[in-house]
């Protein structure tokens with residue numbers, strides 16, 4: 001292995017998996033405990049601009065000792081982050097065109113890392129390893145009969161769901177509201193807009209929410225997935241405010257999801273509410 005002075009991983013352009021700490025780029029100089037190392041991921045930095053500046057540095061993520069460890073390249077001067085699996089509330093995984101990101105939401109803080117979606121397959125393999133150590137099945141959900149609410153899945157969300165599910169993951173419930181197109185006109189002007197779609201999926205391991213709702217608009221060419229282990233869910237409640245209906249899912253540590261759900265889909269909300277009735 002070359003000396004660390006001969007290596008500058010800021011010049012690496014490929015995101016790739018790490019099978020041992022010995023495969024870390026030497027210039028990261030990662031110190032500290034990495035006992036029980038299970039898997040790692042090197043995330044290349046953003047493509048630099050004309051001045052050599054990148055929006056985010058290279059990072060290493062690794063699974064060791066029932067925790068997720070995150071190290072940025074030393075040039076970023078960021079502290080090392082550790083999230084114990086017991087503290088991790090939910091994960092957000094977004095991919096819109098070439099923009100990809102992972103957001104890890106813990107009880108007391110959160111961290112977002114970015115990557116180029118050209119390497120999404122590599123990132124997905126790491127996430128499967130993470131979920132394997134983080135989420136445990138709940139028997140009461142595993143024993144439920146499968147139910148489906150809402151509309152048939154369209155091609156975009158069917159593919160998104162298939163990509164998110166692990167090989168042995170079986171759904172016990174699903175609700176879907178497809179993206180909707182709206183048209184408008186004013187004199188000679190005509191326009192079209194899209195309302196985002198939402199998909200909720202329940203398995204014995206987790207509750208998964210897939211949407212193309214990105215910063216208030218519909219992302220036509222991407223989706224965002226959020227998921228939490230079932231033991232992180234505290235309550236599920238139907239809410240109506242100012243004529244708008246939504247499903248509010250309260251998670252551990254005061255975190256929550258609020259998913260718009262039309263009144264016509266109230267039965268789906270009732271089914272989820274019944275699973276977490278106090």
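Where a number appears in this text, it was derived from the coordinates with a stated rule and is not lab data. Fair warning: this is a prediction, and the values are worked out from it, not measured in the lab.
For segment 4-125, what is the convex hull (Cα atoms) projected area averaged across all directions, in square nanometres? Dividing the Cα hull surface by four gives the mean projection, 7.9 nm². Pick the calculated Kirkwood radius over Cα pairs in Å for this structure from (i) 24.3; (ii) 20.5; (iii) 23.4? Derived directly from the coordinates: (ii).
Once the Cα atoms are used to define both axes, helix 266-275 deviates from the longest principal axis of the chain by about 60 degrees.
Taking every alpha-carbon pair under 8 Å whose residues sit at least 6 apart, segment 139-275 reaches a relative contact order of 17 percent. With both residues required to sit in segment 139-275, DSSP beta bridges show an antiparallel share near 90%. Rounded to the nearest 500, the 222 nm mean residue ellipticity of the chain from helices alone is -4000 deg cm²/dmol, with -39,500 (n - 2.57) taken per DSSP H run of at least 4 residues.
For the chain, the longest principal axis of the alpha carbon atoms and the long axis of helix 120-134 meet at an angle near 80°. When a/c is below 1.5 the answer is rounded, else prolate if a/b is larger than b/c, else oblate, so apply that to segment 64-177 with a ≥ b ≥ c taken from the square roots of the Cα gyration tensor eigenvalues. Oblate is the answer for segment 64-177, as a/c is 1.5 or above yet b/c matches or exceeds a/b. Only Cα pairs under 8 Å and 6+ residues apart enter the sum, and on that basis the relative contact order of segment 4-125 stands at 19 percent.
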